[in-house]
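A.B. asks: Before I ask anything, let me first share the structure, which is written out below as C-alpha cells.
Every number in this text was worked out from the coordinates using simple rules, so none of it is lab data. As the structure is a prediction and not an experimental result, all values here were calculated from the model. Note that we place each Cβ from the backbone using ideal geometry, even for glycine, and neighbour counts take in every protein chain shown.
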Amino acid sequence: MTAYSAPIRDMLFTLRSVGDFDRIAALPGNEDVSDDLVEAIFEEAGKFAGDVLAPLNQPGDVTGCVCKDGVVTTPDGVKAAFASFCAFGWHAMPAKAEYGGQGMPALVSTPVLEMWKASNMAFSLCQMLTIGAISAIDHHGSEAQKALYLPKMVAGTWTGTMNLTEPGAGSDLAAVRTRAVPEGDVYRITGTKIFITWGENDVAENIVHLVLARLPDAPPGVKGISLFIAPKFLVNPDGSLGERNDLVCASIEHKLGIHASPTAVMSFGEKGGALGYLVGEANRGLEYMFTMMNHARLNVGLEGVAISERAYQQARSYAFERVQGRPIGEAVGKPIAYHPDVKRMLLDMKSRVEAMRALAYYAASQMDVAHLSPDAAEAKKAQARVDLLIPVVKGWCTENSIDIASTGVQVHGGMGFIEETGAAQHFRDARITTIYEGTTAIQANDLVGRKIARDGGAAARDLIAEIEVTMAASAGIPEVAALAKALSEPLAHFADSVEWIVKNNPAAPARTAAAAVPMLHLAGIVVGFWLLVKQASVAAQGLSAGEGDPAFLKGKLAYARFFATQILPRTQALFRAITQGSEDVESFDPALLAG
C-alpha cells in the first residue's frame, strides 16, 4: 500500500472556490479563523494522517480486532495512536469550545476529517460516532448530563456510540424491541443491539452508549421510541467512574472491510437490566437521533470522498511506477499512465473526486451559514440547501467511491487483485459506505419524498436558479464558456425531473420512489459539475492574472472538461430512467423472479 499524502492544495482551493471561506470566517464566532490558521491546521493534520494513521491502515486490516470474553483488543498501534490523536487535540477539533473543543466551523473541520478517513477509515469511525453522540446529548440532554459526559467525550477520554438497530429490524426502527423499565429516576434496559461501531474498545476508559428503547407504555411504531444514555461504567456525580454497567459486547462482526473498526453486538441486561438515563422527553428518541443525522450523513459521504482520494493516490502511484509495453505512437516503453485507457481511468477517478469533494465542502459551508448567520432569512435558506443536498452527498459520493476504488484495482491489473498492494482494501472498505447511516435508497427516498415533494420543489428550484446565475457568469470567461454551455441540457433534465416528482408523488409515491436512486445520481452529477465550473472559473482567472501554479490551475480546467464530456452526458439516460422507466419498476411483480 502506498503512503498517503493529504491533498492540502486541493483542499484549500476547494474551501476557497466553492466553500466561500471568507464569508464563513466572517460569521459570528469565527473571528479567529484565518487563512494562516487554516493552512497551519491542515499541514499538521496532514502530517499526523500520513505519518501516524496511514501506516496502521494495512496492518490493521490484516490483523483486525479480537473479541474474547467481551473484551475487544484493537490492532497493534491503534491504542497509542488514539492517545496521541487526543493529546494533540484532534479529537476535540469539531466540538464546541464550551466543552473543551476548538469550535472550528464545519468548513474547516471537514477537510481535516477527510484526512483521518483517507489515511485510516477504520480508525476515524471512533471519532465520528463519538461526535454524533456528543451532538445528540448537546442538543437534547439535560444540563447535568452535558456537564457530566461531554467534556470527557470531547477530549476522547470517553468514546460514544449509537445503538439503533436490532436483529431483524435493519433500517426499520419501528421494529425496535429493546425495553426500558423505569426504576426511580433511572431505567433498566434489556435487549440486543447489532452493528454498533466501536461499541467495545480498548482505547477509552469509558464508552457512552446512546440506546433507542421502548418504555412499557410506549405507543407502537417509531413514535414509541425513547433515547437513553447507558455508559459502560456508571459515572459518579463527581465524574469518577463507578461499577461496571450490565451491558456487554457479545461478539464483533467478521466483515468485508474496515477490519480495525470493532463492529459490536451489544447485549443489555443479562443480569437484570443495564442502568440507563432518559435523554429529553419520552417517546422522542428517533427525533433526537435525527438531530445529528445531517452531520453523520455528511461524514459518511466524506468517507466516500476520502476512500476515493486514497484509491486514486494508490492507482496514480502505481501507474507512474509500472512500465509495460509502448503507448500507442511511442517508440519506447513508458509508465502505464501514458497508455490511453489508463490515462482515461485516472482522469475519471480524479475528476469525480474533485466534484465529490466540492459537493461535501459546499454542504459543510452551508451548515455553517445555517447555524451561525445572524440573518434569519439567510440561515433558513442555507438550512433548506443543506437538507436538500445531504442525501446527495451521502448517497452519490459513496456510490462513486465503490466504482472509483474498483477502477483503482483495474489500474493495477492483476496486482490489484493481490492484497499486498493495498488496492483491494480500499475497494472492500468503500463497500460499507453505501449501507450504513441509511442505504442509498433511503437517501434517495429522502431526497425525493421529503426534500423535493414535501416543499413542492421550492428548495430545488432555488438551487437551480443559483446554478443558472453561475452559468451566465461563466459564459463570459473564454476558458469556461464551453463548460457552462455543456451544463445547460443536464440542468434542464434536473429541473424537469424535479417537476415530474412534484407532479407524480402525491398520487403515485411508489413510482417516484422507483425513480429515486436515478434522481439522486442525476442531482449529484449536475450539482457536482456546477461546483467544478465554479472551480474552473477561479482557475481560469488565476491563469489570466498570472497568479498561482499554472500546472495546478490547468489541471482544474482539465478535470472539469473531462467530467463534461465523459460523465455529464449520463444525465440524459438518468432523465429517461426517471421519467420513462420508473413505471416499469413500479408495475413489476417480484414473483416473476422466483422461477
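A.B. asks: Extending each Cα 7 Å along its Cβ direction at residue 68 and residue 290, get the distance between those two points in nm, one decimal.
C.D. replies: The modelled label-to-label distance comes out at 4.5 nm.
A.B. asks: When 186, 526 are ordered from fewest to most other Cβ atoms inside 10 Å of their Cβ, what list results?
C.D. replies: 186, 526
A.B. asks: Something else: Please work out the C-alpha center-to-center distance from the stretch 545-573 to the stretch 400-432 and express it in whole Å.
C.D. replies: Between the Cα centre of the stretch 545-573 and that of the stretch 400-432, the gap is 25 Å.
A.B. asks: Report, for the chain, the % of DSSP beta bridges that are antiparallel, rounded to 5.
C.D. replies: 80 percent
A.B. asks: Another question, if that's okay. If you bin the C-alpha pair distances of the stretch 8-143 every 5 Å from 0, what whole percents do you get?
C.D. replies: For the stretch 8-143, the pair-distance distribution reads 2, 9, 17, 20, 18, 15, 10, 5, 3, 1, 0.
A.B. asks: For a quick check: sort 258, 567, 24 by the number of other beta carbons within 10 angstrom, fewest at the front.
C.D. replies: Ordered by Cβ neighbours within 10 Å, fewest first: 567, 24, 258.
A.B. asks: Moving on to the next point. So which chymotrypsin sites (Phe, Trp or Tyr not before Pro) in the stretch 1-56 end up in coil per DSSP with only 15 or fewer other C-beta atoms within 10 Å?
C.D. replies: Working: sites: 4, 13, 21, 42, 48; in loops: 4.
Hits after loop and neighbour filter: nothing returned.
A.B. asks: In whole Å, how far is the Cα centre of the stretch 197-259 from that of the stretch 464-508?
C.D. replies: First find each Cα centre; the distance between them is then 46 Å.
A.B. asks: Of 210, 178, 304, which is farthest towards the positive pole of the chain's charge dipole, taken about the Cα centre with +1 and -1 on the beta-carbons of Lys, Arg and Asp, Glu respectively?
C.D. replies: The listed residue farthest towards the positive side: 304.
A.B. asks: Note down the relative contact order for the chain as a percent, whole number, built from C-alpha pairs under 8 angstrom at least six residues apart.
C.D. replies: 13 percent
A.B. asks: Note the full-extension length gain between residue 371 and residue 317 as 0.36 nm times their separation in residues minus their Cα-Cα distance, in nm to one decimal. Don't skip to the answer; put the middle values down first.
C.D. replies: Values: separation 54, 0.36 × 54 = 19.44 nm, distance 4.04 nm.
Once the chain is fully extended between residue 371 and residue 317, it gains 15.4 nm.
A.B. asks: Okay, moving on. Between residue 481 and residue 44, what is the FRET efficiency for a Förster distance of 35 Å, r being their Cβ-Cβ separation, to the nearest 0.05?
C.D. replies: E between residue 481 and residue 44, to the nearest 0.05, is 0.30.
A.B. asks: Holding the Cα-Cα limit at 21 Å, pick out from 146/394; 68/232; 193/271; 47/343; 47/117 the pairs that are longer than that.
C.D. replies: The answer is 146/394; 47/343.
A.B. asks: For helix 458-474, what angle does its Cα long axis make with the longest principal axis of the chain, in degrees from 0 to 90 and rounded to 10?
C.D. replies: Helix 458-474 and the main axis of the chain meet at about 30 degrees.
A.B. asks: Once you place label points 7 Å from the Cα toward the Cβ at residue 143 and residue 174, how far apart are they in nm?
C.D. replies: 3.9 nm
A.B. asks: What is the angle, in °, between the Cα long axis of helix 106-119 and the longest principal axis of the Cα atoms in the chain? Nearest 10 is fine, range 0 to 90.
C.D. replies: That works out to roughly 90 degrees.
A.B. asks: Based on the Cβ-Cβ distance of residue 488 and residue 181, what FRET efficiency does E = 1/(1 + (r/R0)^6) give at R0 = 56 Å, to the nearest 0.05?
C.D. replies: With a Förster radius of 56 Å, E is 0.35.
A.B. asks: Quick check: pseudo-label points 7 Å beyond the Cα along Cα→Cβ at residue 592 and residue 26, how many nm apart are they?
C.D. replies: With each label point 7 Å from Cα toward Cβ, the separation is 5.8 nm.
A.B. asks: Follow-up question, since we're still on this one. If I stretch the segment between residue 98 and residue 79 completely, what's the gain in nm (0.36 nm per residue apart, minus their alpha carbon distance), one decimal?
C.D. replies: Roughly 4.2 nm would be gained on extension.
A.B. asks: Report, in degrees rounded to the nearest 10, the 0 to 90 angle that the Cα long axis of helix 516-545 makes with the longest principal axis of the chain.
C.D. replies: 60 degrees
A.B. asks: Oh, and also: Among 135, 272, 52, whose Cα projects farthest towards the positive end of the dipole of the chain, with charges put on the beta-carbon of Lys, Arg (+1) and Asp, Glu (-1)?
C.D. replies: 52
A.B. asks: Using only helices, what value at 222 nm comes out for the chain when you add -39,500 (n - 2.57) per DSSP H run of length 4 or more and divide by the total residues, to the nearest 500 deg cm²/dmol?
C.D. replies: Computed mean residue ellipticity for the chain: -17500 deg cm²/dmol.
A.B. asks: A follow-up question, please. In terms of the Cα gyration tensor, with a ≥ b ≥ c the square roots of its eigenvalues, is the stretch 272-386 rounded because a/c is under 1.5, prolate because a/b exceeds b/c, or oblate? Can you show the working numbers first?
C.D. replies: Working: a/c = 5.76, a/b = 2.25, b/c = 2.56.
Taking the square roots of the gyration eigenvalues as a ≥ b ≥ c, the stretch 272-386 is oblate.
A.B. asks: Using the number of other C-beta atoms within 10 angstrom as an exposure proxy, rank 1, 128, 415 with the fewest first.
C.D. replies: Sorted ascending by nearby Cβ count, the order is 415, 1, 128.
A.B. asks: By how many nm would the segment from residue 256 to residue 222 grow when fully extended, if each residue of separation counts as 0.36 nm and the alpha-carbon distance is taken off? Numbers along the way, then the final one.
C.D. replies: Values: separation 34, 0.36 × 34 = 12.24 nm, distance 3.06 nm.
So the chain would gain 9.2 nm between residue 256 and residue 222.
A.B. asks: Another question, if that's okay. Along the charge dipole of the stretch 159-282, pointing to its positive end and built from +1/-1 on Cβ of Lys, Arg, Asp and Glu, which listed residue (254, 221, 237) has its Cα farthest out?
C.D. replies: About the Cα centre, the residue reaching furthest to the positive side is 221.
A.B. asks: Same structure again: Would the stretch 32-106 count as rounded, prolate or oblate if I go by the C-alpha gyration tensor, calling it rounded below 1.5 in a/c and otherwise prolate when a/b exceeds b/c, oblate otherwise?
C.D. replies: Because a/c hits 1.5 or more and a/b fails to exceed b/c, the stretch 32-106 counts as oblate.
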